[in-house]
1. Mind listing the long-range amide H neighbours of A:Ile3? Cut-off is under 5 Å, sequence gap 5 or more, other chains count too, H placed in the peptide plane at 1.01 Å from N.
2. Under a 10 Å cutoff between Cα atoms, tell me which one of B:Asp64, B:Asp30, B:Asp46 has the largest fluctuation in the Gaussian network model of chain B.
3. Provide an ascending nm list, one decimal, of label-point separations from B:Gln308 to the equivalent residue in each further copy; define each label point as 7 Å from Cα along Cα→Cβ.
4. What number, in percent, do you get for the relative contact order of segment A:158-320 if the mean sequence gap of Cα pairs under 8 Å and at least 6 apart is divided by its residue count?
5. Which residue fluctuates most in the GNM of chain B (Cα springs below 10 Å): B:Asn235, B:Asn124, B:Asn139?
6. Considering segment B:158-320, what Rg and Dmax in Å follow from its alpha-carbon atoms?
7. GluC sites (Glu not before Pro), restricted to segment B:211-240: which are DSSP loop and have at most 10 other Cβ atoms within 10 Å?
8. Mind checking segment B:14-80 for trypsin sites (Lys or Arg not before Pro) that DSSP puts in a loop (not H, G, I, E or B) and that have at most 13 other Cβ atoms within 10 Å?
There are 2 protein chains.
Amino acid sequence: MKIAQVAPLWERVPPPTYGGIELVVSRLTDELVRRGHDVTLFASGDSYTLAKLEAVCPRALRLDPNLREYSAYETLELSQVYQRAEEFDIIHSHVGVPALLSANFVPTPTVHTLHGSFNSENINVYTHHKKQPFVSISNTQRQIDLNYVDTVYNGINLEDYPFIAQPLLTKPYLAFLGRFSPEKGPQHAINIARATGWHLKMAGKVDVVDAEFFEREIAPHIDGEHIEFLGEVSNAQKVELLGNAALALFPITWREPFGLVMIESMATGTPVIAMNMGAVPEVIAHGVTGMVCTSYEEMAAMVPVALQLSRHDCRKHVENNFSELRMVDGYEQVYEKIIQTRINQNGRIHAAKIKF
Amino acid sequence: MKIAQVAPLWERVPPPTYGGIELVVSRLTDELVRRGHDVTLFASGDSYTLAKLEAVCPRALRLDPNLREYSAYETLELSQVYQRAEEFDIIHSHVGVPALLSANFVPTPTVHTLHGSFNSENINVYTHHKKQPFVSISNTQRQIDLNYVDTVYNGINLEDYPFIAQPLLTKPYLAFLGRFSPEKGPQHAINIARATGWHLKMAGKVDVVDAEFFEREIAPHIDGEHIEFLGEVSNAQKVELLGNAALALFPITWREPFGLVMIESMATGTPVIAMNMGAVPEVIAHGVTGMVCTSYEEMAAMVPVALQLSRHDCRKHVENNFSELRMVDGYEQVYEKIIQTRINQNGRIHAAKIKF
């Protein structure tokens, strides 16, 4: 199959540290190549991939301190993609709204994975293009009526997450990993650690917009002993942080459409105590691989219960449901289904040559 | 002629106070309707126009304090426009980069007026689409190689700018009108007023990004006597401010592609002393309607010379070169030229029905 993968330009593929979407794109793209597909990845030029890389800009845009006009790069990327639409059997967009318009103009079908969430601003434009094929990354994400082809859960490469049978016993701790924004709930993680007397290790980036929140709600609690802050960590450090933890906390305050850190934690064997919002109940097997709670107080109360859960069951749950291979199986089926539908409708899939 | 006008959504059309692009779109659209064209204006829903209004969002987006995803509205607007492309003989885009991609996919031609300036970020995407028809708003604006159909200067309705034969004599003053940003040079206007001992009246908005600049460079000089600050003013106040001034200052520090305030000032009879950058030498008749200077010191030195210029000549210069009627003449010719070229190439201009 000839496949175009269209990645955001903000981070390179794969991202050096954090970056959910670009990580998924990287895993998907490389595994599709391993399975023999002819894949072209449109991304920033510092990406590395098994696919053919089409560099839209020399390096990830988040590295450019003077960035003003993100949309200029985005339009250039979509121009490069749709100009060559006829070369592909399917275009897989990970950039959301901007690709909706161009997708209508070429016979090559575009499938959009919904990595974000709906809001009052983007609902109208998604609804306007509701007939296009969409993939949701959880069932709970389907808040508006679109042409959903399937739900494909994000998957990880289990080899990147070695199983740790026994967490750190000398100085046991709870782990929080994620952006330090109110939506991710680091403030609740601190409260849970305080209420239970547990040591808490926190890691993740602090975006500029969250600097004030961090200074006000997080920084005063960091003492390096009870509450420890590690800043932005590498993938290797992330795996170590999660795997050695007794438990991971996922105290979100918004309807997160997936939540990669939950499967990363469970893959290493560490159960997750999470707030029942968004995709949490789809990702955690309640009472088996973690606890799905309805309040932050309940999360604190569930620490002793969660400590009894089987770390092997956590690992097995990710192997069965959230592996990279499983994810790629899902997308292959989606591509085949869409192409078959298009052939049935049109008797062909390719466009006449478009002049730019 | 069936014409679509595509306006930015940031301000309503016309803007209540300041807003260069939306003002030009308003004047162009209404005069095209008066001349018998069938015009559809895509803009925010609080716009008022003689054309058929297609409201993309209920009100100007700058009024929404919670705006996060401008691009969602922009994509919706372009979806609405290009979905109906076949209904128009020509699409006239005032939104820049985002319209470049869609324009390739429909047989109805799109002409892009370049209201902004080129920078390292948008040059690549403009160059990628260089074959599309562009209108520059000054000759100096043509910094990169594109398919320029013509230069059409911005124009104003002379009736909106009554001629004032004699400026205010009781307390004569120099005028500065524009955003309080470093590029517009309000700091130089203050220096010129100080150096010459003239009273200076300043008006314009202070954007959030410029608040620090304003506090540091401007605010300390405002004394309400020698240096007066009027804030954001209405159109009526603007005309009064410019018309009653002895001279207007245009001490820009960047290559501004046009500079509407120069023609607004000259229309009221007030000569302009300006820095020789961007379109300044194309707009001011040096030594007749103002002075084109190569330093801010020279601008101060030229005050006595500029005071001798004929206010009638200033008015006449705008009537002859920068009237709304002249601008609309220019765009009508551009539309006809593009449509004729397209017919010659294709034998037709309209698209097959596009499915959304």
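The values are calculated or read from the model by the stated rules, or taken from the named source; none is laboratory data. None of the values given here were measured: they were computed from a predicted structure. All Cβ positions, even for glycine, are placed from backbone atoms using ideal geometry, and neighbour counts span all protein chains on display. Protein only, heavy atoms only, side chains kept; ligands, DNA and RNA dropped before computing areas. Shrake-Rupley method; radii C 1.70, N 1.55, O 1.52, S 1.80 Å.
1. A:Asp38, A:Val39, A:Thr40, A:Asp89
2. B:Asp64
3. B:Gln308 label point versus its equivalents elsewhere: 10.0 nm.
4. Dividing the mean separation by the residue count of segment A:158-320 yields 25 percent.
5. B:Asn124
6. 14.2, 41
7. On the way: sites: B:Glu212, B:Glu215, B:Glu217, B:Glu225, B:Glu228, B:Glu232, B:Glu240; in loops: B:Glu225, B:Glu232.
Counting only loop positions with at most 10 other Cβ atoms within 10 Å, the GluC sites (Glu not before Pro) in segment B:211-240 are B:Glu225.
8. Values: sites: B:Arg27, B:Arg34, B:Arg35, B:Lys52, B:Arg59, B:Arg62, B:Arg68; in loops: B:Arg35, B:Arg59, B:Arg68.
Hits after loop and neighbour filter: B:Arg35, B:Arg68.
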